[in-house]
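The values are calculated or read from the model by the stated rules, or taken from the named source; none is laboratory data. All of these numbers come straight from a predicted model, not from anything done at the bench. Quick reminder, even Gly has a Cβ in these numbers, built from the backbone with ideal geometry, and neighbours come from all protein chains shown.
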Amino acid sequence: LLFPSPPVTLLGCPRGLVGLNFRRKMWGRLWPLLFSFLTVTAVPGPSLRRPSRELDATPRLTISYEELSQIRHFKGQTQNYSTLLLEEASERLLVGARGALFSLSARDIRDRTHKEIHWEASPEMQSKCHQKGKNNQTECFNHVRFLQRLNATHFYACGTHAFQPLCAAIDAETFILPTSFEEGKEKCPYDPARGFTGLIIDGGLYTATRYEFRSIPDIRRSRHPHSLRTEEAPMHWLNG
């Protein structure tokens with residue numbers, strides 16, 4: 001760092017001697033400040049350093065290729081397997097997908113005795129969905145977004161149903177789609193890609209998402225004598 005000296009003129013003093021004395025006084029005042037600056041810059045504070053344990057990228061679980069090749073898998077005649085429910089008591093794995101529900105053996109999901117429900121949106125509903133400007137290749141279907149145990153005999157499922165959500169109570173034993181359905185507007189998002197979560201507690205359904213097209217995200221309770229909803233939930237409570 002260079003600090004040029006300003007021109008100084010004093011009567012009766014040699015010019016070189018005056019300039020030298022000025023520089024000495026100037027550096028004497030600036031050196032402590034310069035030393036402090038270099039010290040702060042050279043030694044980063046705590047906010048600029050991370051403990052080594054936070055940078056540890058060691059995986060918690062390592063699986064070899066041989067072990068991975070032996071993993072049991074299931075592949076149905078559909079796609080977008082987005083909802084899972086493990087029933088420990090009955091040792092069943094319930095899976096919600098696009099236009100279908102599956103009941104698989106939790107011990108071996110490759111078991112060919114699995115049960116399946118086809119729950120598609122009608123051609124008329126798909127056509128209306130497409131007319132609203134939605135994608136008829138990805139969005140205008142019935143994507144099952146909610147799957148929870150309702151009571152001892154039934155579980156509850158909700159699907160987007162081509163942007164007209166529907167819900168149904170399905171018998172866990174027979175695993176057959178009922179003939180009657182419930183409006184899913186307050187229980188399931190319209191959009192299959194919309195962030196969503198839900199839980200059934202004491203028969204009441206609690207869900208959190210952006211429900212309508214232009215609504216803000218909130219938390220709601222339905223299937224209860226007293227329906228509730230948050231007036232304005234902080235955005236950081238809901239991701240998606």
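Scan region 81-91 for residues that are buried (at least 16 other Cβ atoms within 10 Å of the Cβ) and out of contact with any Leu (no Cβ under 6 Å at 6 or more places or on another chain) and report the count.
Qualifying residue count, region 81-91: 2.
For region 92-107, which residues satisfy the criterion of being within 16 Å of H73 (Cα to Cα) and assigned to a loop (DSSP other than H, G, I, E, B)?
A106, R107
Between a residue in region 117-138 that is within 15 Å of C167 (Cα to Cα) and any residue that is surrounded by fewer than 17 Cβ atoms within 10 Å (Cβ to Cβ), which pairs come within a Cβ distance under 6 Å, given they are 6 or more apart or on different chains?
So the pair list comes out as I117/L177; W119/L177.
Could you tell me whether A97 is closer than 19 Å to H161 by Cβ, of a type outside the set (S, T, Y), in the same structural domain as R194 (by TED's automatic domain parsing) and in contact with a strand residue (DSSP E or B) (Cβ under 9 Å, 6 or more places away or on another chain)?
When the stated conditions are applied, A97 passes them.
Identify all residues within region 167-195 that are in contact with a strand residue (DSSP E or B) (Cβ under 8 Å, 6 or more places away or on another chain) and under 26 Å from A89 (Cα atoms); write none if there are none.
If the condition is that a residue be in contact with a strand residue (DSSP E or B) (Cβ under 8 Å, 6 or more places away or on another chain) and under 26 Å from A89 (Cα atoms), then C167, A168, A169, I170, D171, A172, F175, I176, L177, P178 are the ones that fit.
Tell me which residues, restricted to region 195-215, are surrounded by fewer than 16 Cβ atoms within 10 Å (Cβ to Cβ), at pLDDT 75 or above, under 20 Å from the mean Cα position of the chain (by Cα) and in a loop (DSSP other than H, G, I, E, B).
G195
Name the residues in region 222-240 that are at pLDDT 60 or above and either at positive phi or touching an Asp or Glu at 6+ places or on another chain (Cβ under 9 Å) (or both), would you?
Result: S222, R223, H224, S227, R229, T230, E231, E232.
Given the structure, is R72 of a type in the set (D, E, K, R), closer than 30 Å to E120 by Cα and not in a helix (DSSP H, G or I)?
Criteria met by R72.
Would you be able to tell me the number of residues in region 169-200 that are among the charged types (D, E, K, R) and under 16 Å from P217 (Cβ atoms)?
5
Check off (1) within 23 Å of Q148 (Cα to Cα); (2) touching a Cys at 6+ places or on another chain (Cβ under 8 Å) for C129 and give me the number that stays unchecked.
The failed condition is (1).
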